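Remarks on the structure that follows.
The values are calculated or read from the model by the stated rules, or taken from the named source; none is laboratory data. All values reported here derive from a predicted model rather than from experimental measurement. For neighbour counting, all protein chains shown are included, and Cβ atoms are generated from backbone atoms with ideal geometry for every residue, glycine included.
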Amino acid sequence: MLQESVDVLIIGAGPSGCVSAAYLHKKGIKVKVVEKTKFPRIVVGESLIPRVMDHFAEAELFECLDAMNFEKKLGARFIRGEEICIFDFSNKFSEGWDWTWQVPRADFDNTMAQEVIRKGIDLEFESEVVSVSFKGKNSTTVVKDKDGHLKEIHAKFIIDSSGYGRVLPRLLDLDTPSQLDPHSSIFTHVVDINRPEGEEGTMISFDILETEVWLWVIPFSNGNTSLGVVGPTDFINSLSANKDNVEALKNAIQLSEFYIKRFSGVDFIFKPIKLENYSRSVKKMYGDGFALTGNSSEFLDPVFSSGVAFATESGMLAAKLYLKESQGITVDWETEFTGYMKRGIAVFTTYVKEWYTGNLQTLFFHQPENQDVKRKICAVLAGYVWDENNPFVKKHDNLIKNMAHILQMGGE
């Protein structure tokens, strides 16, 4: 069996894996990336949030992505019947990026992967992890290529950025039930032939069909649009008696007063994909010789587009902490990695839960708008969830609920 040795093996060539690889490579670390699929490939997670731009810039991946002229995302719109709430990322409490992108992930991820290769990083597509074993912090990973040939990769550290593949959680029995209620989604891309001119045609929107059911609309710069429905799994399953994803998504479109004319009868570019009970969690986020990043550790919910930001946040952090260890500096992974990530995840978890209770929607749509509250919530939606100067970060576990109850009782 062929063998090779590297400092860090990265599993997965999505945003988390590419950010980790690019950062470590520029620091002189020998990195190898293995990716099970062949790029470009369809994947969900097409709406980003501004915090992610910090990671692309630090990993020196921003320029190649910016050159693709992806649709700029300046904020987000939430629709509930005739009520509209718009968040502008330039009007937020915390310092940070004021914009990001809306991206077809096939093109987006492939652009990053090709830039990683151009930088001289060994990235191997269609290479599946078969097994992994550890001796102390050193690991031996067996991978299989598309022709069935096996190879051993010896590494001092593994960063698992395998996303929904969840390689190490599966092989090391690290999966644990999510604390969020079971939700599912069905999505596709459409030929947006009825797209309006100007801002209306390019703005990302979340159309609330019921308190726990919503439609996402993510326009791309190539003229296509990502369209998806999200809701409790039982509701999503009820959209089609035959469990037909095409029928289910068409039925969901019919429920949207705002978008029914724009998207009725449009062509689906690919057969709609269903993600069932998508929320994920793990027993631990690291161990001797490995760290879990992105969706391979925690995935919450698509409602606030936090997935890619948490993926690159954890990918960059894992890379930095490994670098410290490689320089002989002691790292407290429980505090510096798990503790840090869990603080941000906890904030977004509260926002997801309070979205589905309706409490957060009460704050979004209350009139007149409280501009101070809106700016502070906007900073959270932009991904700046570690800024404890923001009371909507520091007191996230009770502030939304308390404020919503006050408003529901007729207070201001």
Q | segment 44-55, residues that are touching a Gly at 6+ places or on another chain (Cβ under 7 Å) and in a loop (DSSP other than H, G, I, E, B) | A | Gly45, Ile49, Pro50
Q. Ser205 is checked against (1) under 27 Å from Leu275 (Cα atoms); (2) in the same structural domain as Tyr286 (by TED's automatic domain parsing); (3) among the polar types (S, T, N, Q) and fails just one. What number does that condition carry?
A. (2)
(Q) Which numbered condition in (1) over 20 Å from Ser16 (Cβ atoms); (2) surrounded by 18 or more Cβ atoms within 10 Å (Cβ to Cβ); (3) polar (S, T, N, Q) is the only one that Ser306 fails? (A) (1)
Q.
Exactly one condition in (1) outside any loop (DSSP other than H, G, I, E, B); (2) of a type in the set (A, V, I, L, M); (3) assigned by TED's automatic domain parsing to the domain that holds Gly28 is false for Ala404; which is it?
A. (3)
(Q) If a residue counts only when it is under 30 Å from Gly410 (Cβ atoms), which helices (runs of 4 or more DSSP H) contained entirely in segment 269-372 have at least 2 such residues? (A) 340-357, 359-365
**Q.** Lys261 vs. criteria among the basic types (Lys, Arg), modelled with pLDDT under 95 and not assigned by TED's automatic domain parsing to the domain that holds Ser133
**A.** no
Q) Is it the case that Val331 is among the β-branched types (Val, Ile, Thr) and touching a residue at least 12 places away in the same chain (Cβ under 8 Å)? A) no
Q. Out of curiosity, is Ser20 loosely packed, with under 15 Cβ neighbours inside 10 Å, of a type in the set (Gly, Ala, Ser), in contact (Cβ under 8 Å) with a residue 40 or more places away in the chain and more than 30 Å from Gln371 (Cβ to Cβ)?
A. no
